[in-house]
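This report refers to the structure that appears directly beneath it.
The values are calculated or read from the model by the stated rules, or taken from the named source; none is laboratory data. None of the values given here were measured: they were computed from a predicted structure. Neighbour counts run over all protein chains shown; Cβ positions are idealised from the backbone, glycine included.
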Amino acid sequence: MGRIIAGRMAQQHQPENAWTVSLLHVQPSDHILEIGFGPGTTIQRLAMLTSEGHVTGIDYSSTMVSLASRRNARAIKAGRVKLCRGNVVNLPFANHTFDKVLSIHTLYFWQEPLRALAEIQRVLKPGGTLALTILPREKWPGGGTGTEYCIVYSGDDVVKLMLDAGFTSAHVEPCPLPTQFRELSVIGIK
Ligand SMILES: C[S@@+](CC[C@H](N)C(=O)[O-])C[C@H]1O[C@@H](n2cnc3c(N)ncnc32)[C@H](O)[C@@H]1O
């Protein structure tokens with residue numbers, strides 16, 4: 001089941017994944033972290049953009065770690081990508097490790113979002129950027145009430161969470177291509 005879902009995600013989430021990467025203005029020497037990489041297609045894209053840098057990914061699901069590791073086998077072998085299993089609330093990285101962090105369609109599943117964002121803030125370098133892309137509450141089917149296990153947010157909710165977690169600034173980037181996708185991204189600067 002996980003493999004089938006991963007295959008669908010790889011195709012369906014492609015537009016907002018590509019857009020989120022473009023928002024980060026990736027430089028060849030960047031060290032980047034993706035949280036909740038799922039099938040690993042964005043890891044692949046990031047690895048191509050960081051010829052002198054490094055890409056790290058962390059995901060809660062062992063199925064996704066195994067699928068994404070297969071997809072990125074060559075870059076992993078070359079030491080340019082590292083993927084591991086873990087939870088965003090307890091990132092196994094030193095303070096000030098990454099220039100950029102991104103996470104797409106994962107915030108809904110974080111049971112402790114403030115703690116998670118404080119963890120991301122900790123591992124970012126000063127001046128580093130976080131891009132958190134979500135389908136905002138008002139665009140969810142059924143009015144966006146969410147559930148205990150899938151919490152939905154407005155862009156403003158996420159801005160507030162980021163500022164509460166210690167980010168210096170945060171703002172909403174609205175969807176630039178509403179005919180192709182409906183997500184927004186919240187950009188936080190440490
Ligand atoms: C809906 S998928 C999105 C995958 C990919 N980002 C995309 O846009 O196609 C959510 C991913 O986040 C991961 N995830 C959920 N909660 C997590 C957590 N607390 N820590 C790390 N990863 C998490 C899941 O295992 C899953 O791979």
Review point. Which one is surrounded by the fewest Cβ atoms within 10 Å (Cβ to Cβ), of the residues in region 1-35 that are near the ligand (Cβ under 8 Å from one of its atoms) and in a strand (DSSP E or B)?
Key: 35
Practice item. Would you please list the contacts, defined by Cβ atoms under 7 Å and residues six or more apart or on different chains, that run from a residue in region 103-127 that is over 18 Å from residue 30 (Cβ atoms) to a residue that is within 7 Å of the ligand (Cβ to nearest atom) and in a strand (DSSP E or B)? Key: 106/35
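Say whether the condition of being in a loop (DSSP other than H, G, I, E, B), more than 9 Å from the ligand (Cβ to nearest atom) and closer than 24 Å to residue 163 by Cα is met by at least one residue in region 67-78.
Pass one, region 67-78, residues in a loop (DSSP other than H, G, I, E, B): 72, 78.
Those still in the list that are more than 9 Å from the ligand (Cβ to nearest atom) too: 72, 78.
Now narrow it down to the ones that are closer than 24 Å to residue 163 by Cα: none.
Taking every residue of region 67-78 in turn, none turns out to be in a loop (DSSP other than H, G, I, E, B), more than 9 Å from the ligand (Cβ to nearest atom) and closer than 24 Å to residue 163 by Cα.
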Practice item. Taking the options 49, 24, name whichever one is under 23 Å from residue 123 (Cα atoms), within 14 Å of the chain's Cα centre (by Cα), at pLDDT 95 or above and of a type in the set (A, V, I, L, M). Key: 24
Review point. If the Cβ limit is 6 Å and pairs must be 6+ apart or interchain, which residue in region 45-60 that is in a strand (DSSP E or B) pairs with which residue that is of a type in the set (Gly, Ala, Ser) and within 16 Å of the ligand (Cβ to nearest atom)?
Key: 55/47; 58/86; 59/36
Review point. Any idea which of 92, 136, 141, 113 is surrounded by fewer than 16 Cβ atoms within 10 Å (Cβ to Cβ) and at pLDDT 95 or above?
Key: 92
Review point. Is it fair to say residue 38 is within 12 Å of the chain's Cα centre (by Cα) and part of a loop (DSSP other than H, G, I, E, B)?
Key: yes
Point to revise | Hits in region 40-57 (condition: within 13 Å of the ligand (Cβ to nearest atom) and either aromatic (Phe, Trp, Tyr) or crowded, with 23+ Cβ neighbours inside 10 Å (or both)) | key: 40, 42, 43, 46, 56, 57
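If I ask for residues that are polar (S, T, N, Q) and closer than 14 Å to residue 3 by Cβ, which ones from region 55-85 would you list? I'd like the intermediate steps shown before the answer.
Keep residues of region 55-85 that are polar (S, T, N, Q), which gives 56, 61-63, 66, 69, 72.
Within region 55-85, 61, 62, 63, 66, 69 meet the criteria.
A quick yes/no check of all residues on (1) touching a Pro at 6+ places or on another chain (Cβ under 9 Å); (2) among the small types (Gly, Ala, Ser); (3) closer than 28 Å to residue 53 by Cβ:
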{"residue": "104", "(1), (2), (3)": "no, no, yes"}
{"residue": "111", "(1), (2), (3)": "no, no, no"}
{"residue": "124", "(1), (2), (3)": "no, no, yes"}
{"residue": "132", "(1), (2), (3)": "no, no, yes"}
{"residue": "142", "(1), (2), (3)": "no, yes, no"}
{"residue": "149", "(1), (2), (3)": "no, no, no"}
{"residue": "167", "(1), (2), (3)": "no, no, yes"}
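From the set of residues in region 144-190 that are touching a Cys at 6+ places or on another chain (Cβ under 8 Å) and either part of a loop (DSSP other than H, G, I, E, B) or at pLDDT below 95 (or both), which is surrounded by the most Cβ atoms within 10 Å (Cβ to Cβ)?
Residues of region 144-190 touching a Cys at 6+ places or on another chain (Cβ under 8 Å): 181-184.
Still in the running and either part of a loop (DSSP other than H, G, I, E, B) or at pLDDT below 95 (or both): 181-183.
On the way: 181: 19, 182: 15, 183: 21.
Here the answer is 183.
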Point to revise | Search result, residues across region 162-174 that are touching a residue at least 24 places away in the same chain (Cβ under 8 Å) and more than 16 Å from residue 129 (Cβ to Cβ) | key: 164
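Quick one: is residue 30 in contact (Cβ under 8 Å) with a residue 60 or more places away in the chain and touching a His at 6+ places or on another chain (Cβ under 6 Å)? Before you say what the answer is, go through the steps one by one.
On the way: in contact (Cβ under 8 Å) with a residue 60 or more places away in the chain: yes; touching a His at 6+ places or on another chain (Cβ under 6 Å): no.
Answer is no for this residue.
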